[in-house]
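The values are calculated or read from the model by the stated rules, or taken from the named source; none is laboratory data. Given the structure is predicted, the values throughout are model-derived calculations rather than measurements. With ideal geometry, Cβ positions are generated from the backbone for all residues, glycine too; neighbour counts draw on all protein chains shown.
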Amino acid sequence: MRIPIQSVTPATGSAEIIGWVHEVRDLGGLAFFLIRDRTGIIQVTVPKKKAPESVLAAIKAVSRESVVRVIGNIKAMEKAPGGRELVPDVFEIINASESPLPLDVVEKVPAELDTRLDARFLDARRPRVAAVFRIRSAVIHAITAYFEKNGFTGITTPKIVAAATEGGTELFPIAYFDKEAFLNQSPQLYKQMMMAAGFEKVYEIGPIFRAEEHNTTKHLNEATSIDIEVSFADHNEVMKILEDLIVATYAHVKDTCGDQIANLELADFTVPKAPFTRLPYADAIEIAKKKIDEPIKYGDDISSAAERAIGAEMGSHYFIVDWPTEIRPYYAMPYEDDPSICRAFDLMHPRMELSSGAQRVHQHDLLVQQIAKKGLNPESFEFYLRPFRYGMPPHAGWGLGAERLVMTMLNLGNVREAVLFPRDMHRLVP
Ligand code: ATP
Ligand code: MG
């Protein structure tokens, strides 16, 4: 019976393994193979003089990345991976791989990201790449567990919608029978409607679609958003949830993904410490003014260059709070004593924005005013405004980008490395 390669030890005796031919080395009298499965790598050593005919025939024919089944005796071998080697009695080619390979799985030849993504099925055979997605899975698990433990209800909202969340041009139009529809850019309006439904604490982990014509290392056209909305909470309370969640997620990865962290050579993987600094927007602008060449003033969005400059100064995760109302969405709640600023925040990693959130406007008439002020037509938001007339509780929430969370956690250079099959302006296949 097949056993996982990781559990093969010098004490195993005889073993059957099935995996991919990772590397081949022929030294004349001795042939060495590295065989890889999901769990690890083992050396298969064939002393040609002593090996059965069928084994000799198979090793002569086999190509790299073929799927093979090997049965034989395990011997301790200090220099081999895992301190053991397998000497085969049976070496069977289950499915041969074509040669040459479109991508080198052993990473001896570095490949461009585009080449890697074109052959993602091969790229993901690389232990370092597989490690990213094992950790991504652990991240989503930790986040889901946190929400379930803390009384949140998981919801699924439509991705085909009739209206933009925030207006603008960032929408992908689709043909929906005889109507125009769009792919949703955010579950914002729907999760707020579930506050009117009395759910009090909801979360959703799902796709968002942005037609922004960005070609950056941190934007995708299809991303995964981790969203929450909480009734009777203000912005401070949901910021607390967010920083707790970030800490719990890093801690879970550190506890459960040691091998993957080692694979990615993240020797200094550390769990961030809460509470994160709350940096007022006005102070963030002052830092950026001193540190970057491009002009920036109060009231501007924070550019990528400004983000990096402020991040370098802050050194670890932090929040930017107290944003000018004018540059935040209509649903962000202005402060009563100074409506020119609002109860909105961004969670920042030193490299980039990870999340945006706010206490929301829950008063119908104020919301209508704010929608109009943004140059949008309140009538096209009637489905959203209606619940605000029938007992909408005060509420707050945020959206956190899963890919940016994984990218910054694992120090990846490009957000595309945190998605199996990224969608960008030039990438629709595979
Ligand atoms: P940015 O200003 O960096 O483009 P944003 O402010 O437009 O981001 P939000 O609408 O605030 O993004 O979305 C909340 C979070 O969702 C972001 O902080 C980010 O982590 C993630 N996100 C949004 N758009 C994208 C995208 N195009 N690609 C990847 N992640 C995204
Ligand atoms: Mg944002």
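Restricting to the range 295-325, name every residue that is away from ligand 1 (no atom under 15 Å from the Cβ), loosely packed, with under 14 Cβ neighbours inside 10 Å and within 24 Å of E166 (Cβ to Cβ). Within the range 295-325, K297, Y298, G299 qualify. Quick one: is I292 surrounded by 23 or more Cβ atoms within 10 Å (Cβ to Cβ), touching a helix residue (DSSP H, G or I) at 6+ places or on another chain (Cβ under 8 Å) and under 21 Å from T216 (Cα atoms)? So I292 does not fit the description; no.
Against the criterion of being away from ligand 2 (no atom under 16 Å from the Cβ), among the basic types (K, R) and assigned to a helix (DSSP H, G or I), R416 qualifies. Sub-8 Å Cβ pairs linking a first residue in the range 360-388 that is among the hydroxyl-bearing types (S, T, Y) to a second residue that is modelled with pLDDT of 95 or more, at least 6 apart or interchain, are Y384/L189; Y384/Q192; Y384/M193, ordered by first then second residue. Filtering the range 40-58 to residues that are surrounded by fewer than 15 Cβ atoms within 10 Å (Cβ to Cβ) and polar (S, T, N, Q) leaves only S54.
Selection of the range 1-33 for residues being within 23 Å of P100 (Cα to Cα) and either under 32 Å from the mean Cα position of the chain (by Cα) or β-branched (V, I, T) (or both) yields I18, G19, W20, V21, H22, E23, V24.
When G13 is tested against (1) surrounded by fewer than 17 Cβ atoms within 10 Å (Cβ to Cβ); (2) under 19 Å from D104 (Cβ atoms); (3) not basic (K, R), exactly one condition is not met: (2). Out of curiosity, is E112 without any contact (Cβ under 8 Å) to a residue 24 or more places away in the chain and at positive phi? Here the answer is no, as E112 does not meet what is asked. Please work out which residue is surrounded by the fewest Cβ atoms within 10 Å (Cβ to Cβ), limiting yourself to the range 77-99 and to residues that are of a type in the set (A, V, I, L, M, F, W, C) and in contact with a strand residue (DSSP E or B) (Cβ under 6 Å, 6 or more places away or on another chain). The selected residue is I94. Of the residues A274, A267, A223, the single one that is of a type in the set (G, A, S) and in contact with a strand residue (DSSP E or B) (Cβ under 9 Å, 6 or more places away or on another chain) is A223. Candidates in the range 146-173 are the residues that are assigned to a helix (DSSP H, G or I) and free of Cβ contacts under 8 Å to residues at least 40 places away in the same chain; of these, the one that is nearest to A418 (Cα to Cα) is E148.
Residue pairs whose Cβ atoms lie under 6 Å apart, separated by 6 or more positions or on different chains, with the first residue in the range 280-295 and within 11 Å of E313 (Cβ to Cβ) and the second outside any helix (DSSP H, G or I) and not polar (S, T, N, Q), are A284/I320; A288/I296.
Yes/no matrix, rows are residues, columns are (1) within 16 Å of ligand 2 (Cβ to nearest atom); (2) under 19 Å from R328 (Cβ atoms); (3) more than 17 Å from the chain's Cα centre (by Cα); (4) surrounded by fewer than 16 Cβ atoms within 10 Å (Cβ to Cβ):
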residue: P158; (1), (2), (3), (4): no, no, yes, yes
residue: F172; (1), (2), (3), (4): no, no, yes, yes
residue: F182; (1), (2), (3), (4): no, no, yes, no
residue: Y203; (1), (2), (3), (4): no, no, no, no
residue: H219; (1), (2), (3), (4): yes, no, no, no
residue: E237; (1), (2), (3), (4): no, yes, yes, yes
residue: E265; (1), (2), (3), (4): no, no, yes, yes
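Pick from E326, E313: which is of a type outside the set (F, W, Y), away from ligand 2 (no atom under 12 Å from the Cβ), within 28 Å of L366 (Cβ to Cβ) and over 20 Å from the mean Cα position of the chain (by Cα)?
Going through E326, E313 in turn, just one is of a type outside the set (F, W, Y), away from ligand 2 (no atom under 12 Å from the Cβ), within 28 Å of L366 (Cβ to Cβ) and over 20 Å from the mean Cα position of the chain (by Cα): E326.
Exactly one residue out of L400, L376 is farther than 30 Å from A124 by Cα and either out of contact with any Gly (no Cβ under 6 Å at 6 or more places or on another chain) or not charged (D, E, K, R) (or both), and it is L376. Those strands (runs of 3 or more DSSP E) of the range 195-314 that lie entirely within it include none in which at least 2 residues are over 15 Å from S355 (Cβ atoms) and among the aromatic types (F, W, Y).
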